[in-house]
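S.K.: Below are the structure tokens for one structure; questions will follow.
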Amino acid sequence: MKLSIITASLNSAHFIERTLRSLDEQHYGDWEYIVVDGASTDGTRHILEKWKERLGDRFSWVSEPDTGIYDAMNKGLAMATGDAVGFLGAGDTYFDDITLSIIAKELQKRNVDAVYGNLMYVYPDDTERVWRYWRGSQYRPGIFSGGWQPAHPTFFARRSCFEKLGNFDKSLDISADFDLMFRFLEKHRISSYYVPRTLVKMLAGGKSNGNLKNIFIAHRNIYNSFRKYGYSVPAFYSVRRLVPKVLNMIENYFSGK
């Protein structure tokens, strides 16, 4: 099973090599890596050129203006040739060197359309220091109404799902990843399996969680997704999403993680 991994980058020279090394260290060999760069001016392209020589045909990249991260991800999807596709942020890494082996194994063993797992947020200046954990669970119908969603960086879906059900809705800006997973899992009920282990280490401080304004925009867009697919917005939905995050951060603080 061939896996396609897509990264959208912009001026990521300080972080992108972490992600490239993470791919290069994987024991599983049947993958392709695609970087869609938004015309960076900080040396990112020089790094990508260097790694193209190292990784050869398994690595493809373009650098050109785009309208945002989801426009870049959609460009990457158009380039992808794998049986299943996942997305990894610039600077994010797989948890260990057998992560892709586990993802491919579970997709084949369970014969499902998608797999996902747990996520570890880490500090950008010390990736061994944990900021917060995102622990997943198995999807069941209606669970999105309780504030649940898979951790998108851990989410791999068969390429046929994107071809049949569509790519990212660029109009939703911050929350197009939620919209896509909601559409795949809740609206169209693709088959899925939750892998009960950490799959990705993600740098803390992403766009949707970076400040209160972006958190508000993200929640507004999520409400739009519910309505778009004919679902009513659950009562106290924002509280249901935010409380677990706060409790998890408190737990990590007092545990010294």
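Bear in mind that the values in this text are calculations on the coordinates, not laboratory data. Owing to the predicted nature of the structure, the values given are computational and were not obtained by experimental measurement. Cβ coordinates were reconstructed from backbone atoms using ideal geometry, including for glycine residues, and neighbour counts include every protein chain displayed.
S.K.: Rounded if a/c is under 1.5, else prolate if a/b is larger than b/c, else oblate: which is region 103-242, with a ≥ b ≥ c the root eigenvalues of its Cα gyration tensor?
M.R.: Details: a/c = 1.61, a/b = 1.02, b/c = 1.58.
Because a/c hits 1.5 or more and a/b fails to exceed b/c, region 103-242 counts as oblate.
S.K.: Where does the charge balance sit around Ala39 when Lys and Arg score +1, Asp and Glu -1, over other residues with C-beta under 12 Å from its C-beta? Walk me through the numbers before you get to the answer.
M.R.: Working: positive: Arg45; negative: Asp37, Asp42, Glu64, Asp66.
Residues near Ala39 contribute -3 overall.
S.K.: Still on this model: Taking the Cβ of Arg159 as the centre, find all other residues whose Cβ is under 11 Å away and add up their charges (Lys, Arg: +1; Asp, Glu: -1). Mind dumping the intermediate values first?
M.R.: Numbers: positive: Lys2, Arg158, Lys164; negative: Asp83, Asp113, Glu163.
Summing Lys/Arg as +1 and Asp/Glu as -1 gives 0.
S.K.: How much length, in nm to one decimal, is gained on full extension between Arg129 and His14, taken as 0.36 nm per residue of separation minus their Cα-Cα distance?
M.R.: Values: separation 115, 0.36 × 115 = 41.40 nm, distance 1.81 nm.
Result for the pair: 39.6 nm of gain on full extension.
S.K.: Kindly count the pairs of lysines across region 3-255 whose alpha carbons are less than 19 Å apart, treating pairs on different chains or eight or more residues apart as eligible.
M.R.: Qualifying lysine pairs in region 3-255: 13.
S.K.: Under a crude label model (7 Å from the Cα following the beta-carbon direction), how far is Ser232 from Asp57 in nanometres?
M.R.: 5.6
S.K.: Please compute the length gained on full extension between Ser101 and Lys164, using 0.36 nm multiplied by the number of residues separating them and subtracting their Cα-Cα distance.
M.R.: Details: separation 63, 0.36 × 63 = 22.68 nm, distance 2.60 nm.
Full extension from Ser101 to Lys164 adds 20.1 nm.
S.K.: Say each of Arg197 and Lys213 gets a label point 7 Å from the Cα, pointing the same way as Cα to Cβ; how far apart are those two points in nm?
M.R.: Label-label distance for Arg197 and Lys213, simple model: 4.2 nm.
S.K.: In whole Å, how far is the Cα centre of region 131-158 from that of region 216-237?
M.R.: So the two Cα centres are separated by 16 Å.
S.K.: Can you tell me what share of the DSSP beta bridges in the chain is antiparallel? A percent to the nearest 5 is fine. Please list the in-between numbers first.
M.R.: Details: 11 of 35 bridges.
Here the antiparallel bridges make up roughly 30 percent for the chain.
S.K.: When a/c is below 1.5 the answer is rounded, else prolate if a/b is larger than b/c, else oblate, so apply that to region 20-102 with a ≥ b ≥ c taken from the square roots of the Cα gyration tensor eigenvalues. Intermediate results must be reported in sequence, preceding the final value.
M.R.: Details: a/c = 1.76, a/b = 1.38, b/c = 1.27.
Prolate, since a/c reaches 1.5 and a/b exceeds b/c.
S.K.: Continuing with this model, one more query. Measure nothing but the geometry: give the 0 to 90° angle between the long axis through the Cα atoms of 44-55 and the longest principal axis through the Cα atoms of the chain, rounded to 10°.
M.R.: 70
S.K.: Here's something else I'd like to know. Quickly work out the His46-to-Arg21 label distance, labels modelled 7 Å from Cα along the C-beta direction, and quote it in nm with one decimal.
M.R.: 1.9
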